[in-house]
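J.: For reference, the structure I am asking about is given below.
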């Protein structure tokens, strides 16, 4: 601190122990309270309220940034992988359905060829049925059902491939395209790249905030304080850009998707699927799984994939069909067939048919169960939960963390900027007054600072008896 010689300064101010002071009449202190030691330790840049605010803001930035760092990492640990897990479930459903269709195609072809062998020798087969004690009327009904079975099987076999093509060319291809375009990039972000901007921005914000607090405490190094304040402005801008900008967009997008993704999926099916037949099936499937339309369980595979599996139900599950399988599996029928002159190939066909009919029925049942709405409901529920809850909540948490940290960094940067500007302005003003008062104490004006206007009035100075107001500080 600049200390002056003890004197009464013209204009009313007094120098006591080198300390310049002027006390108004309302003051409860006196010039005798002046302590040169305290004066030397006192710095005009020190404002305890200001320092307290600076400390509170800096601690708030450090605390919120530390919380934001942890929250951002925890909230994004599985966001991307959860999405691809849903894609895995979709692909598994498609793969299982395709596998069952391929198995059904083979079983239907084998069953059709074996039943055809039997129907080609219908009179002998009818005789064999009567030989094992089957009522003639029932035998005729069984033969009629058996003779109609190859036609139903051929219709099923001819439609299976189109169902497989629809699954592969539309549903599977869509998932494959999304994977090839986005999986590698998004998983790299989750596994590697997110660990760069999150720790860097929040870590730098913590370090810069601490540095700004120290440098702006008394602003003894204005250049360094300016530099770190500029860095804090930059960090705040990036945090706000990614928080209030990017993550807010993700949050709003997930919220809108939760509300409108069902309608959007129907609209995309109408617009993107070019083949009219496939488009009708996909739209019908979406409407069925969304609960907009009802399809009987036995008709689901036919309505959604175009494979009329209900024809097998009609042949096998009818009252006559229920008699067919026990008769074909009856060993006595095979002996009777050989007795009436059926060739060995027909006897083998008996055995094959009795095995293939249950196997084909099981494949059809498995395929139909997979296609039913209640089998897809869990996947649909998981998908909507991911969009409406997981993605929405995690993006909201990250948005709040980044925006809060950015806002506090913005506030601290603004506070530091104002403090630096105020301190520098106060220093210049003090330097002007110190030089002016030193000149007055020596009996003259003395040298004036090279910057700014003269702090002294141009009119003659009043004497000590006339001084009732403090010296002009403009």
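J.: Pick from the stretch 343-362 the residues that are over 54 Å from the mean Cα position of the chain (by Cα) and surrounded by 22 or more Cβ atoms within 10 Å (Cβ to Cβ): which of them is modelled with the highest pLDDT?
T.: Among those that are over 54 Å from the mean Cα position of the chain (by Cα) and surrounded by 22 or more Cβ atoms within 10 Å (Cβ to Cβ), it is 349.
J.: Just to check your reading of the model, which residue among 454, 392 is modelled with pLDDT of 50 or more and either loosely packed, with under 13 Cβ neighbours inside 10 Å or closer than 26 Å to residue 67 by Cα (or both)?
T.: Residue meeting the stated conditions: 392.
J.: Follow-up question, since we're still on this one. If you go through the stretch 401-422, how many residues are within 16 Å of residue 243 (Cβ to Cβ) and free of Cβ contacts under 8 Å to residues at least 24 places away in the same chain?
T.: Within the stretch 401-422, residues that are within 16 Å of residue 243 (Cβ to Cβ) and free of Cβ contacts under 8 Å to residues at least 24 places away in the same chain number 0.
J.: Taking the conditions exactly as written (within 18 Å of residue 155 (Cα to Cα), touching a helix residue (DSSP H, G or I) at 6+ places or on another chain (Cβ under 6 Å) and part of a helix (DSSP H, G or I)), does residue 277 satisfy them or not?
T.: So residue 277 fails the test.
J.: Looking at 292, 304, 264, 312, can you tell me which residue is in a helix (DSSP H, G or I), under 48 Å from the mean Cα position of the chain (by Cα) and free of Cβ contacts under 8 Å to residues at least 24 places away in the same chain? Let's see the steps before the verdict.
T.: On the way: 292 fails: in a helix (DSSP H, G or I); 304 fails: free of Cβ contacts under 8 Å to residues at least 24 places away in the same chain; 312 fails: free of Cβ contacts under 8 Å to residues at least 24 places away in the same chain.
Only one candidate passes the filter, namely 264.
J.: In the set 69, 86, 104, 111, which member is over 19 Å from residue 207 (Cα atoms) and within 26 Å of the chain's Cα centre (by Cα)?
T.: The conditions single out 86.
Results for (1) out of contact with any strand residue (DSSP E or B) (no Cβ under 7 Å at 6 or more places or on another chain); (2) within 24 Å of residue 389 (Cα to Cα); (3) touching a residue at least 12 places away in the same chain (Cβ under 8 Å), shown as yes or no for each residue.
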residue: 208; (1), (2), (3): yes, no, yes
residue: 223; (1), (2), (3): yes, no, no
residue: 226; (1), (2), (3): yes, no, yes
residue: 230; (1), (2), (3): yes, no, no
residue: 251; (1), (2), (3): yes, yes, yes
residue: 257; (1), (2), (3): yes, yes, yes
residue: 273; (1), (2), (3): yes, no, yes
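J.: Any residue in the stretch 88-110 that's touching a residue at least 60 places away in the same chain (Cβ under 8 Å): show its pairings with residues that are buried (at least 21 other Cβ atoms within 10 Å of the Cβ) and not in a helix (DSSP H, G or I) at Cβ separation under 8 Å, as long as the two are six or more apart or on different chains.
T.: From the stretch 88-110, the pairs are 101/307; 104/307; 104/309.
J.: Taking residue 325 as the residue in question, decide whether it is buried (at least 19 other Cβ atoms within 10 Å of the Cβ) and either in a helix (DSSP H, G or I) or under 46 Å from the mean Cα position of the chain (by Cα) (or both). Spell out how you get there, then give the answer.
T.: Working: buried (at least 19 other Cβ atoms within 10 Å of the Cβ): no; either in a helix (DSSP H, G or I) or under 46 Å from the mean Cα position of the chain (by Cα) (or both): yes.
It is false that residue 325 is buried (at least 19 other Cβ atoms within 10 Å of the Cβ) and either in a helix (DSSP H, G or I) or under 46 Å from the mean Cα position of the chain (by Cα) (or both).
J.: Output the number of residues of the stretch 237-251 satisfying the condition of being more than 11 Å from the chain's Cα centre (by Cα), modelled with pLDDT of 90 or more and surrounded by fewer than 17 Cβ atoms within 10 Å (Cβ to Cβ).
T.: So the answer is 2.
J.: Quick check on my filter: what residues within the stretch 284-297 are surrounded by fewer than 16 Cβ atoms within 10 Å (Cβ to Cβ) and touching a helix residue (DSSP H, G or I) at 6+ places or on another chain (Cβ under 6 Å)?
T.: 290, 293
J.: Against the condition closer than 30 Å to residue 143 by Cβ, surrounded by fewer than 18 Cβ atoms within 10 Å (Cβ to Cβ) and at pLDDT below 95, how does residue 334 come out, does it pass? First the steps, then the outcome.
T.: Numbers: closer than 30 Å to residue 143 by Cβ: yes; surrounded by fewer than 18 Cβ atoms within 10 Å (Cβ to Cβ): no; at pLDDT below 95: yes.
No; evaluated as a whole, the condition is false for this residue.
The values are calculated or read from the model by the stated rules, or taken from the named source; none is laboratory data. The shown structure was predicted, so the numbers you read here are calculated from the model rather than taken from an experiment. Cβ atoms come from the backbone with ideal geometry, glycine included; neighbour counts cover every protein chain shown.
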